[in-house]
Amino acid sequence: MKGIIFDMDGVLIDAMPFHAEAVKIAIKEEASYEIDKKIVYQLEGMPMDELVQEIFKRNNANKKIDNELVEKISKRKKQIFKEIENTPLIEGVNDLIKELNECDCLKAIVTGAAKNEIEATIDKMIGLKNFDVVISGDDVEQGKPHSTPFVTALQKMNIKPSECIVVENAPLGVEAANNAGIKCIITLNSTPLDISSDFDNLILKETKIFQNTKSAIDFLMKWCCNNK
């Protein structure tokens with residue numbers, strides 16, 4: 001038995017543009033500080049509170065960031081996201097899941113998103129019944145880039161790292177897969193990130209890069225379904 005672990009945002013659904021915009025607006029409103037939305041993509045997969053702190057750290061912002069401000073930004077971001085979100089399904093996802101359902105391939109989702117967000121999007125757009133395991137940000141104490149989310153998924157799937165492959169689109173997700181000792185492929189889809197700079201030192205010799213999820217279908221089918 002083999003398994004595939006999918007990241008959610010940017011791999012199965014295209015919610016990242018709305019997350020990035022919501023973070024940018026929330027930080028502007030609550031902290032009077034402008035950010036480049038690209039940094040949100042660079043930190044995708046990190047819990048929201050940690051993401052906010054890391055943004056100010058990386059930008060060397062001369063702002064006092066205490067827990068109260070972080071909480072205000074996080075709360076406002078959730079509100080804005082609900083107001084502007086109109087997430088589409090990534091092209092090719094339905095076809096991929098349908099084909100994988102026809103063979104003995106375990107499927108999991110590992111995401112930093114909250115459980116209620118997964119239920120509101122994945123269940124409606126794809127169907128949670130199509131996945132054997134779902135690990136949300138609520139299920140683990142340490143999110144990406146720590147290996148914990150992927151290791152937890154492996155344990156629930158009852159397979160070894162060598163029997164699994166991760167499909168990611170973000171640097172922290174790739175780093176987490178590397179830390180867990182799991183082979184990883186990258187599907188770029190709509191990310192504004194650059195492979196040569198934003199994924200620096202994360203690309204291993206066996207890492208394959210695809211322009212989108214759709215173009216990875218044949219590879220994933222052959223890998224998980226033994227060419228059936």
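The values are calculated or read from the model by the stated rules, or taken from the named source; none is laboratory data. This structure is a prediction, so every number in the text was calculated from the model and none was measured. Note that each Cβ is placed from the backbone with ideal geometry, even for glycine, and that neighbours are counted across all protein chains shown.
Numbers at a glance
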item	result
Single residue of Asp200, Asp218 found to be assigned by TED's automatic domain parsing to the domain that holds Pro145 and at pLDDT 95 or above	Asp218
The range 109-140, subset without any contact (Cβ under 8 Å) to a residue 24 or more places away in the chain, out of contact with any Asp or Glu (no Cβ under 8 Å at 6 or more places or on another chain) and not in a loop (DSSP other than H, G, I, E, B), residue farthest from Met46 (Cα to Cα)	Lys129
Single condition Ala15 does not satisfy, out of (1) aliphatic (A, V, I, L, M); (2) within 19 Å of Asn189 (Cβ to Cβ); (3) at pLDDT below 95; (4) in contact with a Lys or Arg (Cβ under 9 Å, 6 or more places away or on another chain)	(4)
From the options Glu50, Glu54, Glu44, Glu85, residue that is crowded, with 17+ Cβ neighbours inside 10 Å, modelled with pLDDT under 95 and among the acidic types (Asp, Glu)	Glu44
Selected residue (only one of Ile80, Ile73, Ile84 is within 22 Å of Leu172 (Cα to Cα) and either of a type outside the set (Gly, Ala, Ser) or outside the structural domain of Leu193 (by TED's automatic domain parsing) (or both))	Ile73
Among the residues listed as Cys164, Cys225, Cys184, the single one being touching a Leu at 6+ places or on another chain (Cβ under 9 Å), under 19 Å from Gly3 (Cα atoms) and modelled with pLDDT under 95	Cys225
Which numbered condition Gly143 misses (of (1) within 17 Å of Gly10 (Cβ to Cβ); (2) at pLDDT below 95; (3) part of a helix (DSSP H, G or I))	(3)
The one condition in (1) more than 22 Å from Pro145 (Cβ to Cβ); (2) under 20 Å from the mean Cα position of the chain (by Cα) that Ala15 fails to fulfil	(1)
Residue match in the range 112-128 (condition: assigned by TED's automatic domain parsing to the domain that holds Leu202, buried (at least 22 other Cβ atoms within 10 Å of the Cβ) and in contact with a Gly (Cβ under 8 Å, 6 or more places away or on another chain))	yes
Number of the condition not met by Asn212 [criteria: (1) modelled with pLDDT under 95; (2) surrounded by fewer than 18 Cβ atoms within 10 Å (Cβ to Cβ)]	(1)
Within the range 10-108, helices (runs of 4 or more DSSP H) holding 1 or more residues that are farther than 30 Å from Asn226 by Cβ	16-31, 38-42, 48-58, 67-84
Looking only at the range 146-171, and only at residues there that are of a type in the set (A, V, I, L, M) and under 23 Å from Ala15 (Cβ atoms), the one that is surrounded by the fewest Cβ atoms within 10 Å (Cβ to Cβ)	Ile165
Residue in the range 20-35 that is surrounded by 14 or more Cβ atoms within 10 Å (Cβ to Cβ), under 30 Å from Ile217 (Cβ atoms) and of a type in the set (Val, Ile, Thr) present	no
